[in-house]
Amino acid sequence: MGNDLAAKIRELEERIDRLENKGNSLTMVLFSGDFDKAMAAFIIANGALAMGKEVTIFVTFWGLDVIKKPAFSTSGRGLLERILLRMRPKGPGRLAVSKMNYGGIGPRLFRYMMGKKNVEPLGALIAMAMEFGVRIVACQMSMDLLGIKKEDLIDGVEVGGVATFLGKAYEGQATLFI
Amino acid sequence: MARITLDFRGMNCPMPIMKTAMAFRKAAQGDQFEITCDDPGFEPDITAWCKETKNLPCDIKKQGKDIIASITKQ
């Protein structure tokens, strides 16, 4: 009887631990490759990291543009992939904005205004999140589809599938799709 | 116990919170922080940060545009 009670208490304690830890992580899907949306994603990620949360960003489709290296060779890929890679921006410094892009004038204007108002640039926000231990998981399927290799992405990025994202999403209480 | 003064004036979201978190990481238990920032969002942000990271209590004073938060690392 006493043993049963002790075992029951232990089980309940474990369940409480699990429930309390539920609020300790943030999972995001970064689908968009727009500069402004990526800014929002990395500001939220950094805030959560500062609050001591475990943050996982699952990067898929156009979002992959955000975590590309500024320059890489497109050799060793098919013609369509190479055309696609040429047409898409490489890295945070080349992204378009979702509104008022005006053929690339918009982003320049935004970057200029951000500099004047002392808003941290996107590249620095990404670097800071990495330093704080963000987990960035690039979607294997969209990488294959768009002809992106792991070496084309910034260092420290993992490659995974939808189950990696879902596993993390079910562990936490907050999931964002950007 | 050390007294640490941080000046985050002129910085924008999320930098004051990030820098606070970085400084707290390096600090020892019982260290007292005085953080000055002039971003209006800093007041609700630091209050939420203190609550979430259990570095309570957070004492906030205002001096003109400046918001001064006093926090002790628990």
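The values are calculated or read from the model by the stated rules, or taken from the named source; none is laboratory data. Keep in mind the model is a prediction, meaning the values are calculated, not measured. Methodologically, a virtual Cβ is constructed for each residue, glycine included, from the backbone with ideal geometry; neighbour enumeration extends over all protein chains shown. Remember, those area values only see protein heavy atoms, side chains included, never the ligands or the DNA or RNA. Shrake-Rupley method; radii C 1.70, N 1.55, O 1.52, S 1.80 Å.
Please list the non-local residues whose amide H lies under 5 Å from the amide H of A:V159, H modeled 1.01 Å from N, same-chain partners needing a gap of 5 or more.
A:A138
Please give the length that would be gained between A:D155 and A:R111 if that part of the chain were fully extended, namely 0.36 nm times their separation in residues minus their C-alpha to C-alpha distance (nm, one decimal).
13.4 nm
Report, as an integer, the average count of C-beta atoms from other chains found within 10 Å of each Cβ along A:133-141. Walk me through the numbers before you get to the answer.
Working: counts 0, 0, 0, 0, 0, 0, 0, 0, 0.
The mean count of partner-chain Cβ atoms within 10 Å per residue comes to 0.
Angle between the Cα long axis of helix B:15-26 and the longest principal axis of chain B, 0 to 90 degrees, nearest 10?
That helix lies at roughly 10 degrees to the long axis.
Please report, in cubic angstrom per residue, the volume enclosed by the convex hull of the alpha-carbon atoms of chain A.
Looking at chain A, the number lands at 126 Å³ per residue.
To the nearest 0.05, how large is the calculated FRET efficiency for A:E11 and B:T72 if R₀ is 41 Å and r is the Cβ-Cβ distance?
FRET efficiency, A:E11 to B:T72: 0.65.
Ordered by packing density, taken as the mean number of other Cβ atoms within 10 Å over each peptide's residues, highest first, how do B:44-50, A:86-92 rank?
B:44-50, A:86-92
Estimate the FRET efficiency between A:T74 and A:K99 by the formula 1/(1 + (r/R0)^6), using the beta-carbon distance for r and 41 Å for R0, to the nearest 0.05. Before the final figure, lay out each step's value.
On the way: r = 30 Å, r/R0 = 0.72.
Calculated value: 0.90.
Pop out the ³J(HN,Hα) list for region A:77-94 in order, Karplus 6.51 cos²θ - 1.76 cosθ + 1.60 with θ = phi - 60°, rounded to Hz; leave Gly and Pro as x.
Once θ is set to phi - 60°, the couplings for region A:77-94 become 10, x, 4, 4, 4, 5, 4, 4, 5, 5, 7, 9, x, 10, x, x, x, 10 Hz.
Note the full-extension length gain between B:Q29 and B:M1 as 0.36 nm times their separation in residues minus their Cα-Cα distance, in nm to one decimal.
Numbers: separation 28, 0.36 × 28 = 10.08 nm, distance 0.75 nm.
Taking B:Q29 through B:M1 to full extension adds about 9.3 nm, to one decimal.
Residues of A:119-128, mean number of Cβ from any other protein chain within 10 Å of their own Cβ, rounded to a whole number?
Neighbouring Cβ atoms belonging to other protein chains average 2 per residue here.
With the full set of protein chains in place, find how many percent of the accessible area of chain B is carbon and sulfur; take the probe as 1.4 Å.
Numbers: 2060 of 4140 Å².
Roughly 50 percent, rounded to a whole number.
Residue by residue, what Karplus-based ³J(HN,Hα) values in Hz, rounded to whole numbers, does region A:148-162 have, using 6.51, -1.76 and 1.60 with θ = phi - 60° and x for Gly and Pro?
Going residue by residue, I get 9, 9, 4, 5, 6, 9, 4, 5, x, 8, 9, 10, x, x, 4 Hz, with x marking Gly and Pro.
Cα convex hull of region A:1-81: mean projected area in nm², to one decimal?
Numbers: hull surface 37.2 nm².
That works out to 9.3 nm², a quarter of the Cα hull's surface.
In whole Å, largest first, what are the principal axis extents of the Cα atoms in chain B?
So the three principal-axis extents are 30, 21, 19 Å.
Within chain B, which cysteines find no other Cys whose Cβ is under 4.7 angstrom from their own?
B:C13, B:C37
List, by residue number, every residue in region A:37-74 with a reduction of 40 Å² or greater in accessible area between the chain on its own and the complete protein assembly, 1.4 Å probe.
A:I43, A:A50, A:M51
Using the alpha-carbon atoms, what tilt in degrees (0 to 90, nearest 10) does helix A:105-116 show relative to the longest principal axis of chain A?
Tilt relative to chain A: about 60 degrees.
Using a 10 Å cut-off on Cβ to Cβ distances, tally the other chain neighbours for every residue of B:9-17 and report the average as a whole number.
Numbers: counts 0, 2, 3, 6, 5, 13, 9, 1, 5.
For this peptide, the per-residue mean of nearby foreign Cβ atoms is 5.
Give me the angle, in degrees from 0 to 90, between the Cα long axis of helix A:2-21 and the longest principal axis of the Cα atoms of chain A, rounded to the nearest 10.
Around 20 degrees separate the two axes.
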